[in-house]
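> Provided herewith is a single structure, encoded as structure tokens, for subsequent inquiry.
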There are 4 protein chains.
Amino acid sequence: MGNMGRVPVGIVGASGYGGVQLVRLLKEHPGVEIVYLGGESSAGKPFSDLYPHLSPFVDLKIEAIDLEEIAARCQVVFLSLPNGLAYQMAPTLLARGCKVLDLSADYRFFDVNTYTSWYGGDRQDQEIVSKTVYGLPELYRDRIAQAQLIGCPGCYPTASLLALAPLLKQGLILPETAIIDAKSGTSGGGRQAKVNMLLAEADSSLGAYGVARHRHTPEIEQICSDLAGSEVTVQFTPHLIPMVRGILATVYATMRDPGLQHKDLITIYNAFYRNAPWVKVLSSGTYPQTKWACGTNLCYIGLEVDSRTGRVIVLSAIDNLMKGQAGQAVQCLNLMMGWEETLGLPQLSFYP
Amino acid sequence: MGNMGRVPVGIVGASGYGGVQLVRLLKEHPGVEIVYLGGESSAGKPFSDLYPHLSPFVDLKIEAIDLEEIAARCQVVFLSLPNGLAYQMAPTLLARGCKVLDLSADYRFFDVNTYTSWYGGDRQDQEIVSKTVYGLPELYRDRIAQAQLIGCPGCYPTASLLALAPLLKQGLILPETAIIDAKSGTSGGGRQAKVNMLLAEADSSLGAYGVARHRHTPEIEQICSDLAGSEVTVQFTPHLIPMVRGILATVYATMRDPGLQHKDLITIYNAFYRNAPWVKVLSSGTYPQTKWACGTNLCYIGLEVDSRTGRVIVLSAIDNLMKGQAGQAVQCLNLMMGWEETLGLPQLSFYP
Amino acid sequence: MGNMGRVPVGIVGASGYGGVQLVRLLKEHPGVEIVYLGGESSAGKPFSDLYPHLSPFVDLKIEAIDLEEIAARCQVVFLSLPNGLAYQMAPTLLARGCKVLDLSADYRFFDVNTYTSWYGGDRQDQEIVSKTVYGLPELYRDRIAQAQLIGCPGCYPTASLLALAPLLKQGLILPETAIIDAKSGTSGGGRQAKVNMLLAEADSSLGAYGVARHRHTPEIEQICSDLAGSEVTVQFTPHLIPMVRGILATVYATMRDPGLQHKDLITIYNAFYRNAPWVKVLSSGTYPQTKWACGTNLCYIGLEVDSRTGRVIVLSAIDNLMKGQAGQAVQCLNLMMGWEETLGLPQLSFYP
Amino acid sequence: MGNMGRVPVGIVGASGYGGVQLVRLLKEHPGVEIVYLGGESSAGKPFSDLYPHLSPFVDLKIEAIDLEEIAARCQVVFLSLPNGLAYQMAPTLLARGCKVLDLSADYRFFDVNTYTSWYGGDRQDQEIVSKTVYGLPELYRDRIAQAQLIGCPGCYPTASLLALAPLLKQGLILPETAIIDAKSGTSGGGRQAKVNMLLAEADSSLGAYGVARHRHTPEIEQICSDLAGSEVTVQFTPHLIPMVRGILATVYATMRDPGLQHKDLITIYNAFYRNAPWVKVLSSGTYPQTKWACGTNLCYIGLEVDSRTGRVIVLSAIDNLMKGQAGQAVQCLNLMMGWEETLGLPQLSFYP
């Protein structure tokens, strides 16, 4: 009876990196109990076959995906699946009364057509999409608290938007000048065997990919537009870095008022994130290391003003699998359940 | 009043990796409150100058080392200093009634002469040394619980001894055949600027050091002898691995009974570590990855019997800065205070 | 006509890491011209589709594997394929007069039954196998020079045998005490997409695999037995290191004469490798870093004698893709063609 | 007499990474013989004490720095010293008739005041500075061929300028929109023991530094202005990447003609670098990996046009210690001596 009163939760797609992060976080979360792990290819296997280090701690099997069964057992369901599957499952779960948090791209867009034009597929579920909330608590805290379905943000959009939000919200920059040069560890590619993600290929090297056409671009632009109150186009370039975890977004934009001072900017950011326990604005001259956020749900933000060029440079660092994925989903869960936003989420990174 | 009842603790030598691990662990430990951080070179600086990512969470200054002052404020003191300093400080702290946990080599030896022959110096404190307990809880749990002064084990000895202990205790191997081939991340070298520890030198490379003469050898031999009940000499070779954290010890020894079966060995290890919450014996055919222990106080052990050669091969993996250093010190603290051995220590590693 | 007089060579299996190393080396080799690249899955593609950085320098297509065609065009053929394919191709090439160097395990064993008991399959080609030469030039230089078919050694056996050869040949150790603890970068796993070889999995971690049953064991034992003149059994444990290239073998053995001195050992090794341009014995107290051999065909050897334990410890470092694979094949080619053993092979590593 | 006819060269500052690269390259260069290695702190030591892997190949001592002696023995002198020393040595060497290539910042600026305002010091040597040539052969080939003194470019400026040159020279972009987001391996920091460059600190992490004030900014701007024919200000942000070697510069700029096509851009770049053997423009859709350039003197350039934003994105990859340092110096030497620009410089990278 030790778990009496704990909310029963399930994870569909438990075998990937999103899944294992969720298992790890929810296992130590005081408000929930994991009662279901689901997957297709691994159905029937003990979870610890996939992650042997958790075998002394997690004694659960991966079960086949049966939506009725899931709905019967779980009050909250996390969907951590490849793009294009969640929107086929969520309606049933919602109809049965479950709260649903989707970690894929399926529910990140206000308009279902934006989704289909970048991700393909044929969707007729604008009605559900319209009731979905974009799960970035620092921007949509109140709406998340009321939502039944959350579309959890992508990893790059999380780092990018937390860097840009105060600037756009307060009209401090010319939006069309915004450039996001983002760098990510390779775990962002998921636990799928791809040649370019092999250590032998990706270690000791660095490169860009998806230049001018990465699918996180419309997601970033959608929220930037919402913040700015007008259509925003951004330049977004992702790079793969020879490390496992972490994203650094280096964001450039031209200031509307070239006289804006560095210390004013820090004040503005601190005010904007005053009630955001997971965003930490660094003092002048300090720039974030991705390692600082590693294993935590934190976003560290460093700021610089270049009076020579009239630009602001914002640096934001997150753990792509935590604040950029599973941690943020748990943060949303906390809000949806009326719990403390920090409940059950690690704050202090180990160093080094 | 939130900290009422918490034990006031201090850390002398807070600026290094041992120090920052202790700060991180003790900050989240429900039984203690950090009331003092001390250091020589960094005295007067805010701790967060050294570790900016902790600035939102740790608001303490590094103070000069004043033993009377420390003793007045702290019930427990961790000494995390270069070798040769602790034995000059501990006596005063002990005399004032403090419990002391030393992370250096100063109090690891039963005989002060063993220390001086490998580490140098001139010591006349055999009396104190004799009352010190070697802080490896899996072997000396009861004595640690009664001790006022703990000599916390080295990182390599921890991994090596947990691998060897059941074999030696039960007389299953010929002790003189024991070979420990150990591999460590570079954080074991501490936060000191050395050319050979630069990323540019140490990354993408691998090498041995201190072959046949590393100072952890006598420490391992002392405890092996204590376990075997007779003088034991071991072969110990450390290697530097291009990664930050983690130790893997690969231990070889010839079995006394060449008919010993793999499954019996697993049974023996499981029995030996039955009451050890921080040691996990893996099932047959599974060998530990150092990453599994990363950020936790766990030691994972894998076992193999080679019937062709008559040898047992034991693989043990720890996080060198946790079970190999600060985590183990906190585990000892828990025992000394009569708390649960697992209190305040992370169990579940993140993966990947 | 710039290539007049160059020997026409072909590479079957050009798409993997063995293939691309061969292309790189042979492209700069003054004695040969690459006239054929072959592969199954990539047939029809330009080689530079697989390795775009070589597109300005290598203008060759990967062709389907047609043995008659290959034999018609090539004087020398390198087979760089998964195990079990070469022995189906080599006979045709040999019958047409080609010299053949096989980089797989197919021709590494003196006895075809040793092969089949470790690698499976049903082979009836002992006659060809008996005429094959094991391509470790430091041990079989003269026979390689006369051979038509070479079975190029595995990467681990190369590092292990160069470390052990002088000891076994001169009867300096008790052979049954030999333990090889080997550490390799992940490129040894080849260019195949496997989850455990992903950077996200393998970086920042370390583990053993194939303990007591790796298929390089019988290969090492075969040559050790040949050197010792009697059946030798060794302990061999491979580990995966978070880096791309390099193998370090740490070899332990008990000395027959416990009075053997370190300086005598260095003299013995220097004498043994006097005519071996690719083996460098380090001076006393210096142990090799794998990085030193990176990108070269060198093997660096460090030596230590432990008078406390009566053991010798030998450390050998190679680049697993060079001396451990493609470089050694080219070294064999040089001998087969009567060229300088060093021709066209890089000697000086870059550092760092 | 094997080296008869070879040009005698010396390296002042042989102990650092620039020095060891030069030793490695010049040792295999058919046109020169290294006759002198100089250094302050290592004077008297064999070079192989610092780099043991080269001991079988380089039998030279590091000598004290005696300019008259150097001038007497060397026809060409490479200065590879910390900033601020070369301009105190070069005049003597030049007066004695030596050709001098300086790898520090001392001779990179057309105007000595630009140097002193960013690097400090008090210099009165505008006369010599005015005769110095900036050693970027792709832009100043003819002048380098005639020069006696070369100021070799910084690593970041090399990658940045090769990316930007065709755009600026042909007026294709609005210069003030140029943003250079650069990423470098840590070897760029040199062989000096600094805490932030330790593997334990820098591995598995990523961060920016010197934002809006890095000293390579004025160097980049000087050459950009020379190319554009008017004063250019750029945004330059360097980042430290957890790897040893390699720089990737991601360059953004707004196109003057938003209708410029991707394929036209590739044509323009190919034309611009038609006679540049060390610059390789990649085909459409291919972006460079830094690893491709590793160990070579190559610069790989990838191009993208974003019609949504009206920007061009250029990606350039070099080995920071080769094309970004020692390799480029040797390329300049080749031009100064009337040799082939590619003489003695590696072209084909190993992969992986």
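This table checks each residue for (1) more than 27 Å from residue C:297 (Cα to Cα); (2) not in a helix (DSSP H, G or I).
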| residue | (1), (2) |
| --- | --- |
| C:116 | yes, no |
| C:124 | yes, yes |
| C:128 | yes, no |
| C:138 | no, no |
| C:141 | no, no |
| C:144 | no, no |
| C:150 | no, yes |
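> Could you list, in sequence order, the residues of the stretch B:158-216 that are buried (at least 24 other Cβ atoms within 10 Å of the Cβ), polar (S, T, N, Q) and facing another protein chain (nearest Cβ under 10 Å)?
Scanning the stretch B:158-216 gives B:184, B:186, B:187, B:204, B:205.
> Okay, next question. Can you name the residue in the stretch B:86-111 that is aliphatic (A, V, I, L, M) and either in a helix (DSSP H, G or I) or not assigned by TED's automatic domain parsing to the domain that holds residue B:22 (or both) and is also farthest from residue B:329 (Cα to Cα) among such residues?
B:95
> Also, I was wondering about something else. I'm trying to understand the selection: among the residues of the stretch A:217-245, which are out of contact with any strand residue (DSSP E or B) (no Cβ under 7 Å at 6 or more places or on another chain), within 7 Å of chain D (Cβ to nearest Cβ) and closer than 25 Å to residue A:300 by Cβ?
Keep residues of the stretch A:217-245 that are out of contact with any strand residue (DSSP E or B) (no Cβ under 7 Å at 6 or more places or on another chain), which gives A:218-219, A:221-222, A:224-233, A:242-245.
From the residues that got through so far, the ones that are within 7 Å of chain D (Cβ to nearest Cβ) too are A:233, A:242-244.
Across the stretch A:217-245, the qualifying residues are A:242, A:243, A:244.
> Which pairs turn up if I take residues in the stretch C:176-205 that are within 27 Å of residue C:161 (Cα to Cα) and look for partners that are of a type in the set (Asp, Glu) and crowded, with 23+ Cβ neighbours inside 10 Å with beta carbon separation below 7 Å, at least 6 apart in sequence or on another chain?
Here the result reads C:181/B:181, each pair linking the stretch C:176-205 to a residue that is of a type in the set (Asp, Glu) and crowded, with 23+ Cβ neighbours inside 10 Å.
> When the residues of the stretch D:68-81 are narrowed to those that are in contact (Cβ under 8 Å) with a residue 60 or more places away in the chain and of a type outside the set (S, T, N, Q), which ends up surrounded by the fewest Cβ atoms within 10 Å (Cβ to Cβ)?
In this case the residue turns out to be D:73.
> State the number of residues belonging to the stretch D:25-49 that are touching a residue at least 60 places away in the same chain (Cβ under 8 Å) and of a type outside the set (A, V, I, L, M).
So the answer is 4.
> If you scan the stretch A:297-307, which residues turn out to be touching a strand residue (DSSP E or B) at 6+ places or on another chain (Cβ under 9 Å) and either under 12 Å from residue A:247 (Cα atoms) or more than 8 Å from every other protein chain (Cβ to nearest Cβ) (or both)?
A:297, A:298, A:299, A:300, A:301, A:303, listed by residue number.
> Could you list, in sequence order, the residues of the stretch B:55-68 that are within 14 Å of chain A (Cβ to nearest Cβ) and in contact with a Ser or Thr (Cβ under 8 Å, 6 or more places away or on another chain)?
Listed by number, the residues that qualify are B:55, B:58, B:59.
> Can I ask one more? Can you pull out the residues in the stretch A:289-334 that are farther than 21 Å from residue B:352 by Cα, buried (at least 24 other Cβ atoms within 10 Å of the Cβ) and not assigned by TED's automatic domain parsing to the domain that holds residue A:267?
A:332, A:333
> State which residue is farthest from residue C:243 (Cα to Cα) when the search covers only the stretch B:217-232 and only residues that are touching a Pro at 6+ places or on another chain (Cβ under 6 Å) and crowded, with 24+ Cβ neighbours inside 10 Å.
Here is the first cut: in the stretch B:217-232, the residues touching a Pro at 6+ places or on another chain (Cβ under 6 Å) are B:219-220, B:228, B:232.
Restricting the remaining residues to those that are crowded, with 24+ Cβ neighbours inside 10 Å gives B:219-220.
Details: B:219: 31, B:220: 29 Å.
Among those residues, the one meeting the criterion is B:219.
Let's see how each residue does on (1) part of a helix (DSSP H, G or I); (2) within 14 Å of chain B (Cβ to nearest Cβ); (3) in contact with a strand residue (DSSP E or B) (Cβ under 6 Å, 6 or more places away or on another chain):
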{"residue": "A:26", "(1), (2), (3)": "yes, yes, yes"}
{"residue": "A:29", "(1), (2), (3)": "no, yes, no"}
{"residue": "A:36", "(1), (2), (3)": "no, no, yes"}
{"residue": "A:43", "(1), (2), (3)": "no, no, yes"}
{"residue": "A:48", "(1), (2), (3)": "yes, yes, no"}
{"residue": "A:53", "(1), (2), (3)": "yes, yes, no"}
{"residue": "A:70", "(1), (2), (3)": "yes, no, yes"}
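> Continuing with this model, one more query. Looking for something under 23 Å from residue D:105 (Cα atoms), in the same structural domain as residue D:183 (by TED's automatic domain parsing) and not aliphatic (A, V, I, L, M) - is there at least one such residue anywhere in the stretch D:264-282?
Checking the stretch D:264-282: at least one residue is under 23 Å from residue D:105 (Cα atoms), in the same structural domain as residue D:183 (by TED's automatic domain parsing) and not aliphatic (A, V, I, L, M).
> Among (1) over 23 Å from residue B:17 (Cα atoms); (2) more than 21 Å from the chain's Cα centre (by Cα), where does residue B:141 come up short?
Of the numbered conditions (1) over 23 Å from residue B:17 (Cα atoms); (2) more than 21 Å from the chain's Cα centre (by Cα), the odd one out for residue B:141 is (2).
> State whether the residues of the stretch A:321-341 include one that is among the polar types (S, T, N, Q), part of a loop (DSSP other than H, G, I, E, B) and under 22 Å from residue A:156 (Cα atoms).
No, there is no match, as no residue in the stretch A:321-341 is among the polar types (S, T, N, Q), part of a loop (DSSP other than H, G, I, E, B) and under 22 Å from residue A:156 (Cα atoms).
> Going by the conditions given, is residue B:328 closer than 25 Å to residue C:204 by Cα and more than 14 Å from chain A (Cβ to nearest Cβ)?
Working: closer than 25 Å to residue C:204 by Cα: yes; more than 14 Å from chain A (Cβ to nearest Cβ): yes.
Spelling it out, residue B:328 is indeed closer than 25 Å to residue C:204 by Cα and more than 14 Å from chain A (Cβ to nearest Cβ).
> Which of the strands (runs of 3 or more DSSP E) found entirely inside the stretch C:231-306 contain at least 2 residues meeting this: in contact (Cβ under 8 Å) with a residue 12 or more places away in the chain and closer than 21 Å to residue B:212 by Cα?
Details: elements: C:235-240, C:247-254, C:279-281, C:299-306.
Qualifying strands (runs of 3 or more DSSP E): C:235-240, C:247-254, C:299-306.
> Quickly run through the stretch B:263-306 and pick out the residues that are of a type in the set (A, V, I, L, M, F, W, C) and farther than 28 Å from residue A:349 by Cβ.
B:265, B:266, B:268, B:271, B:272, B:281, B:303, B:305
> Residue A:171 - would you say it is in the same structural domain as residue A:230 (by TED's automatic domain parsing) and either out of contact with any helix residue (DSSP H, G or I) (no Cβ under 7 Å at 6 or more places or on another chain) or among the aromatic types (Phe, Trp, Tyr) (or both)?
Here the answer is yes, as residue A:171 does meet what is asked.
> Limited to the stretch D:337-352, what total is found for residues that are within 14 Å of chain A (Cβ to nearest Cβ) and either in contact with a Pro (Cβ under 8 Å, 6 or more places away or on another chain) or among the hydrophobic types (A, V, I, L, M, F, W, C) (or both)?
Going through the stretch D:337-352 one residue at a time, the tally reaches 1.
> Of a type in the set (Gly, Ala, Ser), more than 12 Å from chain D (Cβ to nearest Cβ) and touching a residue at least 24 places away in the same chain (Cβ under 8 Å): does that describe residue C:310?
Numbers: of a type in the set (Gly, Ala, Ser): yes; more than 12 Å from chain D (Cβ to nearest Cβ): yes; touching a residue at least 24 places away in the same chain (Cβ under 8 Å): yes.
Spelling it out, residue C:310 is indeed of a type in the set (Gly, Ala, Ser), more than 12 Å from chain D (Cβ to nearest Cβ) and touching a residue at least 24 places away in the same chain (Cβ under 8 Å).
> For residues in the stretch D:261-282 being surrounded by fewer than 17 Cβ atoms within 10 Å (Cβ to Cβ) and within 14 Å of chain A (Cβ to nearest Cβ), which is farthest from the chain's Cα centre (by Cα)?
Within the stretch D:261-282, the match that is farthest from the chain's Cα centre (by Cα) is D:261.
Conditions tested, residue by residue: (1) in contact with a Leu (Cβ under 9 Å, 6 or more places away or on another chain); (2) aliphatic (A, V, I, L, M); (3) in contact (Cβ under 8 Å) with a residue 24 or more places away in the chain.
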position	(1), (2), (3)
D:98	no, no, yes
D:106	yes, no, yes
D:109	no, no, yes
D:113	no, no, no
D:125	no, no, yes
D:131	yes, no, no
D:134	no, no, yes
D:139	yes, yes, yes
D:142	yes, no, no
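> Collect the residues in the stretch B:233-244 that are surrounded by 20 or more Cβ atoms within 10 Å (Cβ to Cβ) and within 24 Å of residue C:307 (Cα to Cα), keeping them in residue-number order.
Across the stretch B:233-244, the qualifying residues are B:234, B:235, B:236, B:237, B:238, B:239, B:240.
The values are calculated or read from the model by the stated rules, or taken from the named source; none is laboratory data. Note that the structure is a prediction, hence the values are computed from the model and not measured. Ideal geometry is used to build each Cβ from the backbone, glycine not excepted, and the neighbour counts take in all protein chains shown.
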